[in-house]
Amino acid sequence: MKPFIPLLASAALTCGVLLTGCTSDSLKPDSKLVHKPPHGVYYEVFVRAFADSNGDGIGDLKGVTSKLDYLQDLGIEGLWLMPINASPSYHGYDVTDYMDVNPDYGTRDDLIELVKEAHKRNIAVLLDFVVNHTSTQHPWFQQAESSSTSPYREYYQWATPTTNTNELGESGQQLWYGSAPNQYYAYFWQGMPDLNFDNPKVRQEIIKAGQFWLHEIGIDGFRLDAAKHVYADADPAKNIQWWQEFRKAMEDVKKDVFLVGEVWDSPYIVAPYLKGLNSTFNFNLSKQLLDTAKGEYDPGIVSNLIDVHKLYEETAGKEYIDSTFLTNHDMDRTVSQLDDNLDHAKVAASLLLTLPGDPFVYYGEEIGLRGRKPDEGIREPMLWKKDANAAEQTHWEVSRWNADASARSVEEEQADNNSLYQHYKKLIHARRSSEVLVRGDLVDVPSLQVQGLIAFKRTLGDQSLLVLQNLSPKPQVVALGQDLSAYQKTYFSTNPDTQLKSGTLTLSPYSTIILQ
Ligand SMILES: [Ca+2]
């Protein structure tokens, strides 16, 4: 992982009001500690569903700007905005103009203002960059399809007489669409033809667009959609070579650019991508975290993660960031996967926010927003107020999963000291206040392998924290052995009954404690 020097926003260090155990000088919880990107807790925003500024019910960039105080208060240090480029679809993953903003969301100036206001609050901004394919409505494709002599013809991939157009993708999906001589390759969907990255002009166009958003608009980096599909699955080496070329070009205009790739695959496939990108999403861990919380059973999550990090380091060196998360916009929502069990949702959040990496929170996860596929169901309007007709509320589609009286708004979650929102907020602030939790290595604790309990250390230089998580509905009493006698103080605890006394730890059901 990259070394960096934390900046202090203020010399006056104060204990976070929601933290317990504010005692040690070296690890004093301090919500004012500022992490320079890429390090930090990130928040994924579907702009259309988040907050509306102009009363049309469609979330927009000014709406996001109006919620930066909310995000800062929650402790968020970076945003990932799902695609904001011009696009004919509700989701934006089929771009028609890489250089402009979707008019539903506002203007470039609105984005510049958002970035400026985010940076004032020490929040970084990443844009979703969808370069594997365009929309069929992109002018490049329209011209390419209408004329075989168009200069844009070679921007896409066309079947030749020898092409096997019956070939299927890895999920058994159709890959070739249209009719001869205009049969084109589209890995994900017929409305999204794949760009031809063998064409240097395509690579130049994408690099030009990337440099524009970084240099002219001032964003901090990109989340790179479908990063392993750029040259199709058969050739990961070419994909990685492309991302190395892209990264170098982005670093030419922004030295510390943060590039996090979507490589939805096993760690062995993911690892080589870290030779090109700063970071990749840890889909493997996402599933394990939810399974562990739901099953109240640890399948060896810590040793597994240590092995994955060893693999990453052996393959790509030490300078990588593991981008961790519970769910994203392509997965059933956390609370729904956990059958609405909020204790399990808290356990999953505790593990996410105490393990290494840059944790990403999907919008609404902190208030327990529900949702299952199809995709619209996992991208429902954020709920701000108890009053569903509040001014900022989006109505981009009718909520199916979050419409009944049991759905909880930000307003209600903030008023409840025991809410999932408060749990997230406490943990995010505990994390961002500790360099050890942000950057420390992960170390297994073989002497604390107890059924229904996860224990691990985080270590950085001569500092070390011991994290214990009760996965179960029963209280657990654990005696710390001689090997753990150095951990004598509480840095953080989710529950006043979860405490250390005379070397014996008592953990109330589902609680988390961090000792120093
Ligand atoms: Ca709007």
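Derivation of every value follows stated rules applied to the coordinates shown; laboratory data play no part. Note that this is a predicted model, so its numbers are computed, not measured. Every residue, glycine among them, receives a Cβ derived from its backbone with ideal geometry; neighbour counts consider all protein chains shown.
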Placed amide H near Asp100: partners under 5 Å, 5+ positions off or other chain: Ala86
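Can you divide the C-alpha Rg of the chain by 2.2 N^0.38 Å and report the result to two decimal places? List each step's numbers first, then the result.
Working: Rg = 23.4 Å, N = 516, 2.2 N^0.38 = 23.6 Å.
Normalised by 2.2 N^0.38 Å, the Cα Rg of the chain equals 0.99.
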Give me the distance between the Cα centres of the range 259-305 and the range 43-78, rounded to whole Å. 28 Å
Residue by residue through the range 442-450, what is 3J(HN,Hα) from phi via Karplus (6.51 cos²θ - 1.76 cosθ + 1.60, θ = phi - 60°)? Round to whole Hz and write x for glycine and proline. 9, 10, 6, 10, x, 6, 10, 8, 10
Using θ = phi - 60° and Karplus 6.51 cos²θ - 1.76 cosθ + 1.60, couplings along the range 331-341 (whole Hz; Gly, Pro as x): 10, 3, 5, 3, 5, 5, 4, 9, 6, 6, 7
Name the long-range amide H neighbours of Thr280: under 5 Å, sequence gap of 5 or more, or other chain; modelled H, no Pro or chain starts. Gly261, Ile321, Ser323
In order through the range 219-230: 3J(HN,Hα) via Karplus (6.51 cos²θ - 1.76 cosθ + 1.60), integer Hz, x for Gly, Pro: 5, 9, x, 9, 9, 9, 5, 6, 4, 8, 9, 3
Computed on Cα atoms, the radius of gyration and Dmax of the range 48-156 in angstrom are 16.3, 55
Quote to one decimal, in nm, the extra length available between Gln211 and Gln463 on full extension: 0.36 nm per residue of separation minus the C-alpha distance between them. 86.8 nm
Can you tell me the order of 507-516, 41-50, 365-374 when each peptide is scored by its average per-residue count of other Cβ atoms within 10 angstrom, highest first? 41-50, 507-516, 365-374
Relative contact order for the range 441-515, counting Cα pairs under 8 Å that sit 6 or more residues apart, in percent: 29 percent
Net length gained if the chain between Asp497 and Gln451 were fully extended (0.36 nm per residue, minus Cα distance): 14.5 nm
Inter-label distance, nm, simple model (7 Å from Cα along the C-beta direction), Ser150/Gln414: 4.9 nm
So how do 132-141, 99-108 stack up, highest first, on mean other-Cβ count within 10 Å? 132-141, 99-108
Relative contact order [Cα under 8 Å, 6+ residues apart], the chain, whole percent: 15 percent
Under 5 Å between amide H atoms, partner at least 5 residues away or on a different chain: which partners does Ala124 have, H built in plane at 1.01 Å? Gly78, Leu79
Cα centroid distance between the range 424-496 and the range 357-411, in Å? 32 Å
The extension gain from Lys116 to Tyr268, computed as 0.36 nm times the residue separation minus the Cα-Cα distance, is 50.9 nm
Residues Ser87, Ser66 in order from fewest to most other beta-carbon atoms within 10 Å are Ser66, Ser87
